[in-house]
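Inspection log for the structure reproduced underneath, given as C-alpha cells.
The values are calculated or read from the model by the stated rules, or taken from the named source; none is laboratory data. What you see is a predicted model, and the numbers here were worked out from it, not measured in a lab. Please note: Cβ atoms are built from the backbone with ideal geometry, for glycine as well, and neighbour counts cover all protein chains shown.
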Amino acid sequence: MHDKLVRVLLLHDPATSNNWGGVQTMTQTLQHALHAQGFEVVALPWQQTQFGELLSAARNSDILLAAHNFGPTYCGVALKTLTRKPLVSWVHGPLLEVLQMSKASWWKRRRLKKEYGYVDRFVCVSQNTEISLLGFLSASAGRISCTAVVPNGLAPLAEPEDSLVLNNPIHRTNLSIGYVGRLSEEKRPHFLLETMRCLPADTQLCIVGDGVLRLALEDAGKDLMTNGRLKFLGRQVSSRGLYAPYQVTLLISQYEGCPMTALESLACGVPCVAVPIPAMRELFAQDAPYLLAHDETPQALAIAVLNLEQIPLQQVQADMARIVTKYSFANFANSWQSTLLDLVHASK
C-alpha cells in the first residue's frame, strides 16, 4: 500500500470475440491487482468512449496506462499530448515477430516508432518481449531505462487453493490432451494434428477455442474426428474446470509473450508441454526443462509428451508449483505497484 491515492486511467480494447484470450484476461487481472494495492482505477474502452470523456478522465488521473501497445497506446499518446500526464504502454507480445507476422508496412513501423517516442514507460510481460521491443526501437542506453519487465500473474481464482497436486497421472495409454487458445496463424494449430499422428492411436485431443482456421483444421482432421481422437469444443469461459479433463495440455505457438494458458494449466495441476520458443524457454527452462520439446516440430512435441511418464510424479508437482509461485497474483500486483509509483515519483 502507499500513502497518497494514485489515480490511474486504464485504456483498454473493448471486449469482443476477436480479442478473446490472454490480453483480455490480464487486463481484468491488472484492474484487480491495482485495486488491491490501493490505486484508484478508471477503466475505459478507448474506441467506445467519447473523446471528451476520455480527456476528462485523463485530466483527473495521475497516470495514463494503455493496456496494449497498439490502439490503446495511440489513444494514450493523444491524451498525454493534451494533459502532459505520464503514459505507460503495456507490451504483451514480441513486437518484431508480431509486425513480421502481420506484414506491417514500412510506413506503419515508422508511425509506431514516432508514437512510442511519447511513451514514458514500457512494461513488458517477459524478458523476450522486452528484447524484441528494444530491437524494434533500436534502443539507446537511455531508452533501456524506460522499460520494465513485469511477468503476467495468475488471477486469484486461478491460483491453487492449497498445495499443487498433479490433476491426472500421466500414462502412455489412453492419453487425454487439451489445447486452449485461438485457432489463428500465429498459434500454429496444424501442429496439433501432426502431433496427434505421432502419438499412440488411443490418444485423444480436445481443442478449446475458436478462430479463422477452425474450418480448415476440422477439414484436415476428419480422419482423427472419425476415429474419435479429436473433438472441437469451441470457446469456453476460463476456469479451473477447463483444464481438469486433461493429463497434458499443448502450446505450439510461433511466438508468445507470457502465455496465460500455460500458467493456468500448471496451476490446475496439468503439465503443459510446449515448443521451445523464447517465451516458453523463459517460463520452463530453469524449473521444468522436460516440458519443452527439443525442437519446434510435432515429432519432438510428441516425444516430450510421452517422456513425461518417466518423470517422477513428486518432481513434476514440485516443479510446477515452483513456477506457479513465481507467477503469483501477489508478485504481479507488487511489481506493478513499484513500477507505477516509480513513474509517479520520477514525473514530479
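Kindly evaluate residue 223 against the criterion of being assigned to a helix (DSSP H, G or I) and over 19 Å from residue 319 (Cβ atoms).
So residue 223 fits the description; yes.
In the range 165-216, which residue that is among the charged types (D, E, K, R) and in contact with a helix residue (DSSP H, G or I) (Cβ under 9 Å, 6 or more places away or on another chain) is surrounded by the most Cβ atoms within 10 Å (Cβ to Cβ)?
For the range 165-216, the residue satisfying everything is 210.
Could you pull out every one of the helices (runs of 4 or more DSSP H) wholly within the range 259-348 that has 1 or more residues that are under 16 Å from the mean Cα position of the chain (by Cα)?
Numbers: elements: 260-267, 278-284, 298-307, 313-326, 329-346.
Answer list for the range 259-348: 260-267, 278-284, 313-326, 329-346.
So which residues in the range 190-217 are more than 19 Å from residue 297 (Cβ to Cβ) and either in contact with a Gly (Cβ under 9 Å, 6 or more places away or on another chain) or of a type in the set (Gly, Ala, Ser) (or both)?
201, 204, 206, 207, 208, 209, 210, 211, 214, 216
Consider residue 55 carefully, then state whether it is hydrophobic (A, V, I, L, M, F, W, C), surrounded by fewer than 21 Cβ atoms within 10 Å (Cβ to Cβ) and either in contact with a helix residue (DSSP H, G or I) (Cβ under 8 Å, 6 or more places away or on another chain) or touching a residue at least 12 places away in the same chain (Cβ under 8 Å) (or both).
Considered against the rule, which asks whether it is hydrophobic (A, V, I, L, M, F, W, C), surrounded by fewer than 21 Cβ atoms within 10 Å (Cβ to Cβ) and either in contact with a helix residue (DSSP H, G or I) (Cβ under 8 Å, 6 or more places away or on another chain) or touching a residue at least 12 places away in the same chain (Cβ under 8 Å) (or both), residue 55 comes out as yes.
Examine the range 95-113 for a residue that is modelled with pLDDT of 95 or more and in a loop (DSSP other than H, G, I, E, B), and state whether such a residue exists.
No, there is no match, as no residue in the range 95-113 is modelled with pLDDT of 95 or more and in a loop (DSSP other than H, G, I, E, B).
If I ask for residues that are in a helix (DSSP H, G or I) and surrounded by 15 or more Cβ atoms within 10 Å (Cβ to Cβ), which ones from the range 226-246 would you list?
First, pick out the residues of the range 226-246 that are in a helix (DSSP H, G or I): 226, 240-242.
Hits for the range 226-246 are 240, 242.
Checking the conditions here, which among 160, 151, 169 is modelled with pLDDT of 80 or more and in a loop (DSSP other than H, G, I, E, B)? Working first, answer last.
On the way: 160 fails: modelled with pLDDT of 80 or more; 169 fails: modelled with pLDDT of 80 or more.
Answer to the selection: 151.
Checking residue 210 against (1) modelled with pLDDT under 95; (2) assigned by TED's automatic domain parsing to the domain that holds residue 97, only one condition comes out false. Which one?
Looking at each condition in turn, residue 210 falls short on (2).
Do the conditions hold for residue 42, that is, is it touching a strand residue (DSSP E or B) at 6+ places or on another chain (Cβ under 6 Å) and either hydroxyl-bearing (Ser, Thr, Tyr) or assigned to a strand (DSSP E or B) (or both)? Walk me through how you get there before you give the answer.
Working: touching a strand residue (DSSP E or B) at 6+ places or on another chain (Cβ under 6 Å): yes; either hydroxyl-bearing (Ser, Thr, Tyr) or assigned to a strand (DSSP E or B) (or both): yes.
Yes: the conditions hold for residue 42.
Checking the conditions here, which among 69, 128 is surrounded by 24 or more Cβ atoms within 10 Å (Cβ to Cβ), outside any helix (DSSP H, G or I) and not assigned by TED's automatic domain parsing to the domain that holds residue 278?
Checking each option against the conditions leaves just 69.
If I filter the range 89-110 down to residues being surrounded by fewer than 24 Cβ atoms within 10 Å (Cβ to Cβ) and among the aliphatic types (A, V, I, L, M), which single residue comes out as farthest from residue 125 (Cα to Cα)?
Checked the range 89-110; the qualifying residue farthest from residue 125 (Cα to Cα) is 104.
State yes or no: is residue 29 buried (at least 16 other Cβ atoms within 10 Å of the Cβ), of a type in the set (Val, Ile, Thr), more than 16 Å from residue 341 (Cβ to Cβ) and touching a Phe, Trp or Tyr at 6+ places or on another chain (Cβ under 8 Å)?
yes
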